[in-house]
Amino acid sequence: MITKVLVSGILTILYSVSMFGWGRMFEMVIGVRLPWPLTLIHGLAVLLALGGVLNLVGIAYAGTLDAIVVLGLGLAVLLPWLALKSSAIDVKSLMPSAQELRAWAIPALFIITVFAFIDTTQVPPSAFNFHDDFEKYLTFPVRMLATGTLQAGPFSALGGQTLGGQAFLQGFVLAHWPLGTVNAVDALFALTMCLLLATSTMWKVGMPAWLLPIAPILVVVINPQYVNISALYTGAALYMALLVIPWSVRGHSPSLPAASVGIIYAGMVAIKTTFLLPVVIHFLLASLVIAWSTRRLWSTIVWCAQVGATSLLFIAPWLGVNFSVWRGLWSASAPLGDVTESTVVAVPAAQDLNLFSLDPIFYGFGASQAHYTGAILVIVICTLFILALFRYSKAYDSGSSVPWLFVSGTVLIFNFLAFNIVLNGYIGRELALRYICPIIIAGLPAIIAATFFALSRYNGNIYRTKILKRITIVMVLGIVGAFLPSTAARVQQAVRFGNTLSFSAKASRPAYLNYNRYVFSPSAVAAVKSLQIQVPEGEPLLAWMSFPFHLDFARNPVFDVQPGGLSTPWMDFPLSQNPEATSNYLRLKEIKYVAWQYSGFAVRSEASLSSAQSWAGNPRFLQDTHDLQRTLQFNQALVELIKISEVIIDNGAIVLFRIPE
């Protein structure tokens, strides 16, 4: 166990140094200098930008990813050496002081403990999400490493739920280590970045040494509602950087460099499209602060244009990767057709949202909506503290950090309102709350740091300052205490069952754990390979299977089917159950062979898909209900298609058939 943790630690340091090299190069280009945790975040954003280019060109292979790591390591050595040689920096300024080392001792020990715990209990985890991960997220990086690109065709969720950025990062792990270790990217590496950034930020703003451990504790204790290997802490790390950069730029007045903002915006949207809304909210509020601070309309317009241009520059390759499927929005080659009444799943209306409900949420490990609302209330109060300090202290002016500190709170408040109130009626309250979790995880440490920063700059009544500090500390301890029971439940599940999946009742069942073991077993691999060998090499294959990531994507062009892909606005597959229309559509895609898994542990039965009383039919999960409706229609279309096709293999679980010419 100790050896495993040491190896993981060395690898984490290795990749971190490489990211630091890329981040430092970017900062030199844009002319800023940031604390090293923020330089790491810039490096992460640079890697995501490179990932879009590599996938667009089609060269995102393991060797290319290794070259990126090596180049980053070279930059991490070369750039500081050049700076030292030119006397641009003082060596002593790079060394931490004895006071800083003492202050970091306990937080560092906590971070190392968290790292070791996750590495030993959850890398690899005993269980993945048998739908999201096996059908979708594991397939993305496997495909990329085999073909050089993430482009997957119109049936994939790629282009809708994600542009592929997180899968690109996961490729660095899968290039050399087993499939099961893929969650290390977010659950281990990205979480560690969040812990380091939160601790560094609070130390820089004058957090007392005895209270500094609260920074990483805040990040860990908030239940992230972990349900799959998509971006969670990765998005939190990027967003936290956005919130703290304005008062972290060395040698500059408080500002938000446009290029820095643009590349982080692009990175967030690339890893998960649900981060588009937080990006837009941040951009709007940041623009208002720029306008207020400069009092110049033209300067504001220039800043907005620079942010827009850099965001577009860095996200453009990812848009290019997904453009081929988005063309379905205006494609007239195969209209959806009429949907019969029997195939429509009843979609209930959204229920009223009770922000202070104490009822345990589905993914909460005992936590409730009130827990997260409480965290937002702390953010509201801290924001009011900052506003009051700004209002009553003469030391502040338009060029101070306070407007940016205020933005750190208001951004989070608007995000909470947008997700939990505006989007509640579209995706359901449980999903809306889960999507806001990375923003809360990023924002709570940031706003606490912002509050202490504002208090440190306040030149008014000292007694008032002490009172506000104590109130802030009490509120933080209250949030930690409120989330401790759910944290204990997550730790217990990790120790007992080897995972922290938030659908804990299912994730701890022996049948579920046994299925996960089977999926990664040689027999599961052999079953998939034996089926694929029946398809001539080079022939396109439509695969609707429970674990398609065992397919050889280099041997055959594979169109894997995912419920999230079936429900995208650009999906133009004919769902009318007309076998001729289905056959014509597939032939237009040059698809002759179809592999459909209609039976098995993870297969959604027609009864469960049809039932509006299933968990996904609950109004808390409206988007899932829509996905299942499309899945049912697609399955029924395949049933009719088989009737006019040539069945090659039917082993009682998977059928492989060839559609008629």
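Among the listed residues 121, 139, identify the single one that is open to solvent by less than 50 Å² (accessible area, probe 1.4 Å), of a type in the set (Ser, Thr, Tyr) and within 30 Å of residue 216 (Cα to Cα). First the steps, then the outcome.
Details: 139 fails: within 30 Å of residue 216 (Cα to Cα).
So the residue among 121, 139 that is open to solvent by less than 50 Å² (accessible area, probe 1.4 Å), of a type in the set (Ser, Thr, Tyr) and within 30 Å of residue 216 (Cα to Cα) is 121.
So is residue 170 part of a loop (DSSP other than H, G, I, E, B), surrounded by 23 or more Cβ atoms within 10 Å (Cβ to Cβ) and in contact (Cβ under 8 Å) with a residue 12 or more places away in the chain or not?
Details: part of a loop (DSSP other than H, G, I, E, B): no; surrounded by 23 or more Cβ atoms within 10 Å (Cβ to Cβ): yes; in contact (Cβ under 8 Å) with a residue 12 or more places away in the chain: yes.
For residue 170, the condition - part of a loop (DSSP other than H, G, I, E, B), surrounded by 23 or more Cβ atoms within 10 Å (Cβ to Cβ) and in contact (Cβ under 8 Å) with a residue 12 or more places away in the chain - is not met.
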Checklist entry - Can you name the condition, by its number, that residue 34 falls short on among (1) outside any helix (DSSP H, G or I); (2) of a type in the set (A, V, I, L, M); (3) more than 19 Å from residue 237 (Cβ to Cβ)? => result (3)
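Applying the selection to the range 178-224, what residues are of a type outside the set (A, V, I, L, M) and either within 15 Å of residue 483 (Cβ to Cβ) or not in a helix (DSSP H, G or I) (or both)? Lay out the reasoning, then the answer.
The first filter runs over the range 178-224 and keeps only residues of a type outside the set (A, V, I, L, M), leaving 178, 180-181, 183, 186, 189, 192, 194, 199-201, 203-204, 206, 208, 210, 213, 216, 223-224.
Scanning the range 178-224 gives 178, 206, 208, 213, 216, 223, 224.
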Next on the checklist: Just the residues that are closer than 16 Å to residue 114 by Cβ and among the small types (Gly, Ala, Ser), please, taken from the range 487-526.
Outcome noted: 488, 494
Next on the checklist: Quick check on the range 133-149. Is at least one of its residues modelled with pLDDT of 95 or more and in contact with a strand residue (DSSP E or B) (Cβ under 6 Å, 6 or more places away or on another chain)?
Outcome noted: yes
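Can you say whether residue 479 is open to solvent by less than 30 Å² (accessible area, probe 1.4 Å), within 24 Å of residue 242 (Cα to Cα) and in contact with a His (Cβ under 9 Å, 6 or more places away or on another chain), as far as the supplied structure shows?
The answer is yes for residue 479.
Would you check if residue 438 is within 22 Å of residue 284 (Cβ to Cβ) and part of a helix (DSSP H, G or I)? Before you say what the answer is, go through the steps one by one.
Numbers: within 22 Å of residue 284 (Cβ to Cβ): yes; part of a helix (DSSP H, G or I): yes.
Judged against the criteria, residue 438 is a match.
Just to be sure before I move on: is residue 530 hydroxyl-bearing (Ser, Thr, Tyr), at pLDDT below 95 and touching a helix residue (DSSP H, G or I) at 6+ places or on another chain (Cβ under 7 Å) in the structure I sent? Break it down stepwise before answering.
Working: hydroxyl-bearing (Ser, Thr, Tyr): yes; at pLDDT below 95: yes; touching a helix residue (DSSP H, G or I) at 6+ places or on another chain (Cβ under 7 Å): no.
Taking the combined requirement at face value, the residue does not satisfy it.
Which residues, taken from the range 1-16, are closer than 17 Å to residue 71 by Cα, open to solvent by 60 Å² or more (accessible area, probe 1.4 Å) and in contact (Cβ under 8 Å) with a residue 24 or more places away in the chain? Full working, then the answer.
Let us first name the residues in the range 1-16 that are closer than 17 Å to residue 71 by Cα, namely 11-16.
Those still in the list that are open to solvent by 60 Å² or more (accessible area, probe 1.4 Å) too: 13-14.
Of everything in the range 1-16, just one residue is closer than 17 Å to residue 71 by Cα, open to solvent by 60 Å² or more (accessible area, probe 1.4 Å) and in contact (Cβ under 8 Å) with a residue 24 or more places away in the chain, namely 14.
Does residue 569 fit the bill of being closer than 26 Å to residue 228 by Cβ, open to solvent by less than 20 Å² (accessible area, probe 1.4 Å) and not hydrophobic (A, V, I, L, M, F, W, C)?
Numbers: closer than 26 Å to residue 228 by Cβ: yes; open to solvent by less than 20 Å² (accessible area, probe 1.4 Å): no; not hydrophobic (A, V, I, L, M, F, W, C): yes.
Considered against the rule, which asks whether it is closer than 26 Å to residue 228 by Cβ, open to solvent by less than 20 Å² (accessible area, probe 1.4 Å) and not hydrophobic (A, V, I, L, M, F, W, C), residue 569 comes out as no.
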Next on the checklist: Of the conditions (1) without any contact (Cβ under 8 Å) to a residue 12 or more places away in the chain; (2) among the hydrophobic types (A, V, I, L, M, F, W, C); (3) more than 25 Å from residue 144 (Cβ to Cβ), residue 67 satisfies every one except a single condition; which number is it?
Outcome noted: (3)
Next on the checklist: Name the residue that is nearest to residue 502 (Cα to Cα), counting only residues in the range 439-464 that are open to solvent by 10 Å² or more (accessible area, probe 1.4 Å) and touching a residue at least 24 places away in the same chain (Cβ under 8 Å).
Outcome noted: 453
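Report whether or not residue 72 is free of Cβ contacts under 8 Å to residues at least 24 places away in the same chain and either open to solvent by less than 40 Å² (accessible area, probe 1.4 Å) or in contact with a Pro (Cβ under 7 Å, 6 or more places away or on another chain) (or both). Spell out how you get there, then give the answer.
Working: free of Cβ contacts under 8 Å to residues at least 24 places away in the same chain: no; either open to solvent by less than 40 Å² (accessible area, probe 1.4 Å) or in contact with a Pro (Cβ under 7 Å, 6 or more places away or on another chain) (or both): yes.
No: the conditions fail for residue 72.
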Checklist entry - Failed condition for residue 554, given (1) open to solvent by 10 Å² or more (accessible area, probe 1.4 Å); (2) out of contact with any helix residue (DSSP H, G or I) (no Cβ under 9 Å at 6 or more places or on another chain), with all others met? => result (2)
Checklist entry - Listed residues 467, 421; which is of a type in the set (A, V, I, L, M, F, W, C), without any contact (Cβ under 8 Å) to a residue 24 or more places away in the chain, assigned to a helix (DSSP H, G or I) and open to solvent by 30 Å² or more (accessible area, probe 1.4 Å)? => result 467
Item to check | Failed item in (1) at pLDDT below 85; (2) of a type outside the set (Ser, Thr, Tyr); (3) closer than 26 Å to residue 518 by Cα, with residue 560 passing the rest | outcome: (1)
Item to check | One residue from 634, 621 being among the aromatic types (Phe, Trp, Tyr), farther than 22 Å from residue 529 by Cα, part of a helix (DSSP H, G or I) and modelled with pLDDT under 75 | outcome: 621
Checklist entry - Can you list the helices (runs of 4 or more DSSP H) found entirely within the range 506-611 that contain at least 1 residues being within 26 Å of the chain's Cα centre (by Cα) and polar (S, T, N, Q)? => result 510-519
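Quick check on this structure: which one of 418, 489, 442, 432 is farther than 19 Å from residue 276 by Cα and among the aliphatic types (A, V, I, L, M)?
489
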Next on the checklist: Could you go through the range 584-598 and let me know if any residue there is open to solvent by less than 60 Å² (accessible area, probe 1.4 Å), more than 23 Å from residue 147 (Cβ to Cβ) and either of a type outside the set (Ser, Thr, Tyr) or touching a helix residue (DSSP H, G or I) at 6+ places or on another chain (Cβ under 8 Å) (or both).
Outcome noted: no
Next on the checklist: Here are the criteria: (1) of a type in the set (A, V, I, L, M, F, W, C); (2) buried (at least 22 other Cβ atoms within 10 Å of the Cβ); (3) modelled with pLDDT under 90. Tell me which single one residue 362 does not satisfy.
Outcome noted: (2)
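Residue by residue through the range 196-217, note down the ones that are more than 14 Å from residue 34 (Cβ to Cβ) and either open to solvent by 10 Å² or more (accessible area, probe 1.4 Å) or among the hydroxyl-bearing types (Ser, Thr, Tyr) (or both).
199, 203, 206, 208, 209, 210, 211, 213, 214, 217
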Checklist entry - Which members of the range 27-51 meet the condition of being under 24 Å from the mean Cα position of the chain (by Cα) and open to solvent by 20 Å² or more (accessible area, probe 1.4 Å)? => result 36, 50
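The values are calculated or read from the model by the stated rules, or taken from the named source; none is laboratory data. Predicted model, so just to flag it, every value in this text is computed and none were measured. We place every Cβ from the backbone using ideal geometry, glycine too, and count neighbours over all the protein chains shown. Side chains included, ligands, DNA and RNA excluded: accessible areas come from the protein's heavy atoms. Shrake-Rupley method; radii C 1.70, N 1.55, O 1.52, S 1.80 Å.
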